[in-house]
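J.: Got a structure here, written out as structure tokens. Questions coming.
Derivation of every value follows stated rules applied to the coordinates shown; laboratory data play no part. Note that the structure is predicted; figures quoted are calculated from it, not measured. Neighbour counts are summed over all protein chains in view; Cβ atoms, including those assigned to glycine, are modelled from backbone coordinates with ideal geometry.
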Amino acid sequence: MDLSIFTTAEAWISLGTLIFLEIVLGVDNIVFIAITTDRLPAEQQKLGRKLGLAGAMIMRCLFLCFAAWLVSMTHPLFTLDIGGYQLDVTVRGLVLFCGGLYLIYKGIAELRSVYSLSTEKAEAETGERKHSHLISLPVAIGTIMVMDIVFSIDSVITAVGLANHLIIMIIAVITAVIIMMVFIDAISDFINEHVEMKILALFFISAIGILLVLDGIGINSGIEVLDMHMEKLMVYFAMVFCLGIELFQMAYNTRHREFVQEQHVEQLKRVVMGYPADPSNAVDDDLSDDEDEKRGIKKR
């Protein structure tokens, strides 16, 4: 292992760029891990996230060790002629297509579960907040590791294209996963505690699945920004935009709730002190008394 490469600026630039891209391209994986581990018993969810990310890291490092084979996955296995449209079928395309179909199924199934209030019904029956259909820890980790193959194909190919040394690519992957491990609990808890965010995450997963299916059959704009297809970048932008709206709405609801509570406390104070509960009513009463006096009506 030649560590002298780290004496060059090119190596450090490649490392920093790869870490950034691994984190950006890993957002959809984090969301998927959060949704999957939510099916675990509460006491196993944090462990499941950590082990899931660790398993994902192992898968990516193995991919990098077989970088030459991975790049060959883009070579056509055979060609299909569909109504004049020539489709080159590759291993990468098949993996993306099947993985995309699974994400679409996963997103729709989870949305259906949210809509049917399965968690709330299970909580009402048992007195504990849990899903009506729990999964085991090995199943969750296995699912995360298998789906990481789908999520990591493009990012690993990107790493192979950007860096010339395996050690740089592996360090970038490990560093990115460690950074994601620090934040994944907070992200997962935030998604699972706010149903609006969970619904948004599920729609995001479904949208990514649709893009993977289209990419698997060779339908894309061909325009890339930050080593991502323009379509995927647009989905990311839409997610961030919707996330901003939801966060603003949550902040507004919190402030409004606090304001209403303060008003209730103020009303109670006025009642205890012998004042009318609503100051506006007191003003109305004074005005009505003045009008009665003008008419010569005396109150008893």
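J.: Only counting other Cβ atoms within 10 Å, I'd like Thr175, Thr36 sorted with the fewest neighbours first.
T.: Result, fewest neighbours first: Thr175, Thr36.
J.: How much net charge surrounds Glu262 when only the other residues with a Cβ under 12 Å from the Cβ of Glu262 are counted, with Lys and Arg +1 and Asp and Glu -1?
T.: Net charge in that neighbourhood comes out at +1.
J.: Quick one: which residues, 5+ away or cross-chain, put their amide H under 5 Å from the amide H of Ile135? H built at 1.01 Å from N.
T.: Leu40
J.: If packing is taken as the average number of other Cβ atoms within 10 Å across a peptide's residues, how do 74-80, 53-59 rank, most packed first?
T.: Final packing ranking: 53-59, 74-80.
J.: What are the ³J(HN,Hα) values, in whole Hz, obtained from phi via the Karplus relation 6.51 cos²θ - 1.76 cosθ + 1.60 with θ = phi - 60°, for each residue of the range 105-117 in sequence order, with x given for Gly and Pro?
T.: Couplings: 4, 4, x, 5, 4, 5, 5, 5, 5, 5, 5, 7, 6 Hz.
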